[in-house]
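Laboratory data are not the source of any read-out in this text; all were calculated from the coordinates shown. Computed from a predicted structure; not experimentally measured.
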């Protein structure tokens, strides 16, 4: 069509009387008519003739061709008036909107990107030949998602001012499912073993239930092919190849058959590992980072890991621009590989400046003290990464981005640019809620996590419920000394009604004054110790009180004054303190009363949490906690008001709060124990059906197990066989009024005496 228009226009041009009068002439000027959107300067840039040029009638075809090639015009006409060239143009319509209707499995953004890649987007010129290409490209997008039954209809809506809307109606149809995946040519590893590495799955029967195959996806298949290559090359098959891949679909477009043809080759071993280049360090030190050794089966992953480790070592010593290349040399006759690691360290880089942006509330020094690098020091990549983690662990910092920028004019200096996004660090909350354990909850608190921009924390709170009334003031200075020793002062008063917590009926008033210091031992380890004074007053009810509680008060009295000591050790590598998804924390604490007080007892606790990042906002949490206590000196046992309890949202979900463990039938209440075992496994995942789940929400599926015991009646070995367990799903939202926790669980115990509770929640509770 374009050729036809060009020829017709050229014939018209050639037969013009004006051109017939003179075959060639000097152009005195160019006039362009008909432009609406396109700038005249743009057309002149494409036009191959200019004022002063010599023009011949035979040059007209070239002019028409160059203008048609732009795709901007539906009609082009050339005329000559005297020695002036007149160009009459009609612009193609401009695309105003591209609208989609009927697409659900593939969103608008993916479809628009496919069209943008072929030049179809608002503002571009439209011509009819685009429609066929447009539909073909959109079909390919759906084919890559396994939607082979897709139907696409395009309607062009003509608007005023030479504009059009492109309206695309899509009928997606059903996705084609994988019926079978065949691997042909493998003799070393079975199909079953290789297909275990795939993300795509074919139909199978499990426990008598037939499961369909996965929906076909071209990108996922490509990823699976890469996994297949890695599987072989990490096991010595360096010449492994995928020779071809066939994807066929049944005539009804419902079933997909995939055939992957492979050539395995022979297995190779490592003959030698050599080093060359400027090693900077003694060769023996560099070789410590190479895990692949002569005689090993060749592994591509191990080869790359060693390269990364050498690079990291150089980076930790300031060689920020170092390059490491590994060259494998095959010996096909011996079936061996020689590896040569070539090192180009470059110059050692030094930190010139560390610049912070985004900290409108926090003082520069508060952030700078978390950075594990100093200005003027060599750049250390490990310290740089650790600095980012330490900054994002601050409660008043929401997000951290960190960049290193070479200093212009030098080849051995960098500036570190640290951009922070701060979250609100202060809040005044008046909250109300309800907890299944504590009843109606009312609280008012003033909290400032970044007091006057110093990083210090101040909390003043008054919280009440049917079970507890708490008045508390605390102040923490995380850098009481420049070495990072923290100090916390705390004064609190608590009035507790144990009967409201399903515990034997008594009231206890506790007043405490404490001071605690935290001492950093290493980047991940911290030791803390503290001391305090406490006053305890107990009132037993006249009814529903366990006899052992009554006996304890008769023997020891109902009012106690003690001096307390506390020490703890923690090892913490978590990437965040709130909603962590990577790292671990071990914590061990020891609390005791000082001899000479009214009571002598101690409590020891140890807890561990392991977070494994599974990618795509998924994580696995494995946790466990053991706690035990006892009396010493003149105190025979752990006081009943210091005992451990289990059951409920914070320990073993699916059982009523504080219902597990020793039970007093006469008072129909729990009495607690001096040994506690609690643990569980949680699969953490983002909120379903939300493209961008909020950072303040976390969901999980879990398995809980735990119980409390009397150590005089149960030893630790038997305790593990008496744990109560449950499975369920949890939802936690860090709402402005306080944490909201919801849990549905099924208790797995067969004991008819266990008090189970499927749905548990706590709204606006601060305890």
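In the chain, helical runs assigned H by DSSP with n ≥ 4 each contribute -39500 (n - 2.57); averaged across all residues and rounded to the nearest 500, the mean residue ellipticity at 222 nm is -5000 deg cm²/dmol.
Once you sort the root eigenvalues of the Cα gyration tensor of the stretch 94-171 as a ≥ b ≥ c, which label holds: rounded (a/c under 1.5), prolate (a/b larger than b/c) or oblate (the other case)? It is prolate, given that a/c is not under 1.5 and a/b is the larger ratio. Across the stretch 426-763, the relative contact order, built from alpha-carbon pairs under 8 Å that are at least six residues apart, equals 11 percent. Per the Debye formula on identical point scatterers at the alpha carbon atoms of the stretch 479-631, with no solvent, log10 I(q)/I(0) at q = 0.09 Å⁻¹ is -0.43.
When you work out D = kT/(6 pi eta Rh) for the stretch 659-709 at 20 °C and 1.002 mPa s, using the Kirkwood radius from C-alpha pairs as Rh and the Stokes-Einstein form, the result is 153 µm²/s. How would you classify the stretch 246-373 from its alpha-carbon gyration tensor, with a ≥ b ≥ c the square roots of the eigenvalues: rounded for a/c under 1.5, else prolate if a/b is greater than b/c, otherwise oblate? Cα axes put the stretch 246-373 in the oblate bin. With 20 Å bins beginning at zero, the pair-distance distribution over Cα atoms of the stretch 426-763 amounts to 26, 63, 11, 0 %. Note: relative contact order over the chain, using C-alpha pairs below 8 Å and six or more positions apart, is 5 percent.
The C-alpha atoms of the chain define a longest principal axis, and helix 108-117 lies at about 40 degrees to it.
Suppose we look only past 19 Å in the calculated P(r) of the stretch 316-410. What percent of the Cα-Cα pairs does that tail hold? For the stretch 316-410, the share of Cα pairs beyond 19 Å comes to 55 percent.
Going by the alpha-carbon gyration tensor, a ≥ b ≥ c the square roots of its eigenvalues, is the stretch 138-294 rounded (a/c under 1.5) or, if a/c is not under 1.5, prolate (a/b greater than b/c) versus oblate? Verdict is oblate for the stretch 138-294. Per residue, the convex hull spanned by the alpha carbons of the chain comes to 280 Å³.
All Cα-Cα separations within the stretch 325-378 were binned at 5 Å from zero, giving a P(r) of 4, 13, 14, 11, 8, 8, 7, 8, 7, 7, 6, 4, 2, 0, each value a whole percent of the pairs. Computed from Cα positions, the angle between helix 60-69 and the longest principal axis of the chain comes to roughly 10 degrees. Working note: Cα atoms of the stretch 177-263, range along each principal axis, descending, whole Å: 39, 31, 21.
Pairwise Cα distances in the stretch 269-344 exceed 15 Å for 51 percent of all pairs. Comparing Cα centroids, the stretch 644-698 and the stretch 121-150 end up 53 angstrom apart.
Once you divide the Cα radius of gyration of the stretch 467-542 by 2.2 N^0.38 Å, the number left is 1.49.
Potential lengthening of the chain between residue 375 and residue 401 amounts to 7.5 nm, from the contour at 0.36 nm per residue minus the alpha-carbon distance.
Of the two radii for the stretch 543-618, the radius of gyration is 1.25 times the Kirkwood radius, both from the alpha carbons; that is the Rg over Rh value.
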